[in-house]
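Encoded as structure tokens, the structure appears first; notes follow it.
The values are calculated or read from the model by the stated rules, or taken from the named source; none is laboratory data. Please read all numbers here as calculations on a predicted model, not as lab measurements. Note: ideal-geometry Cβ built from the backbone for every residue, glycine included; neighbour counts use all protein chains shown. Heavy atoms of the whole protein, side chains included, go into the accessibility calculation; ligands, DNA and RNA do not. Shrake-Rupley method; radii C 1.70, N 1.55, O 1.52, S 1.80 Å.
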Amino acid sequence: MSRGTGLDQDGLMLREGALERVPEEFAPVVAAVRAGVTEAFGDALHSAYLYGSIPRGTAVAGRSDLDLLLALRQEPTAADRAAADRLLASLDAGFPQIDGGGVLLFGVERLLSEAERYDLGWFVACLCTPLLGPDLAERLPRYRLDSELARETNGDLADLLPRWRERAAAAGGDPAALRRLTRGAARKVVRTGFTLVMPRWQGWTSDLAQSAEAFGHYYPDRAEQMRAVARIAPAGTADPAALELLLERLGPWLAEEYTARHGVRSPRP
């Protein structure tokens with residue numbers, strides 16, 4: 001099957017998003033993000049980044065969420081997180097183009113640390129699009145699609161499965177809570193399946209359907225399960241069969257196979 005794009009002629013990852021790719025209808029959202037982040041964080045902000053479908057140019061008005069990463073000069077405080085929540089709520093209420101979203105907050109020191117070199121550092125350098133401030137990618141290495149990158153990005157699925165089971169039990173059958181859980185878990189499972197095969201596939205994609213197909217090329221016996229999970233990922237579901245697939249069938253097998261092939265993600269401080 002064809003390889004994904006995203007690599008240069010030397011096999012190093014290219015940044016997948018760009019402000020030039022932002023769909024026209026999302027331009028006012030991005031302008032408001034710039035103004036809102038500057039007002040909310042001022043001198044505490046080192047730099048701000050978009051990631052996800054908006055800078056990739058694949059966002060759909062009314063359905064896509066807004067994903068931001070803010071690099072702060074110091075480690076974020078509870079007040080910083082509250083400010084980020086208020087900012088996101090204001091943007092979500094003010095722009096029908098977006099349907100929710102998330103704001104990640106990290107201190108610069110952590111983003112540039114050796115422990116995060118192949119996880120958060122890679123995320124900033126390759127999956128985030130600079131919006132404000134100095135680009136931290138200039139202080140990070142170039143990345144190859146190898147086993148080390150696979151281990152440090154998604155080698156934590158085994159740790160997540162018990163937490164997801166606890167959330168499922170705590171949801172008590174609440175459809176909204178189950179949709180949130182299955183949406184996030186399905187995205188993680190598909191991306192884990194993709195990075196499991198990424199060093200062999202030697203291509204990059206953020207598209208969940210293409211990720212599932214790349215996985216299925218190497219694991220045909222599990223291909224249909226992964227396709228089903230990719231279909232769950234955009235909106236989530238309260239279907240008990242989906243929970244079973246994620247938490248008891250595909251998820252545990254994938255965690256075991258991932259550990260066998262790439263190892264377990266290094267502990268974080």
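Cβ-Cβ distance of Arg183 and Leu14, R₀ of 35 Å, FRET efficiency by 1/(1 + (r/R0)^6): the value works out to about 0.80.
When both bridge partners sit in the chain, DSSP labels roughly 60% of those beta bridges antiparallel. When shorter helices are ignored and each DSSP H run of at least 4 residues is given -39500 (n - 2.57), the per-residue value for the chain at 222 nm works out to -15000 deg cm²/dmol.
Highest mean packing comes first when the peptides 107-119, 205-217 are listed by Cβ atoms within 10 Å, giving 205-217, 107-119. Using a Förster distance of 35 angstrom, determine the FRET efficiency expected from the C-beta separation of Ala31 and Glu148, and round it to 0.05. That gives a FRET efficiency of 0.35. Ligands, DNA and RNA are left out, and with a 1.4 angstrom probe the accessible area of the chain is 47 Å² per residue. Taking a ≥ b ≥ c as the square roots of the eigenvalues of the Cα gyration tensor, an a/c ratio of 1.5 or more together with a/b no larger than b/c marks segment 77-188 as oblate.
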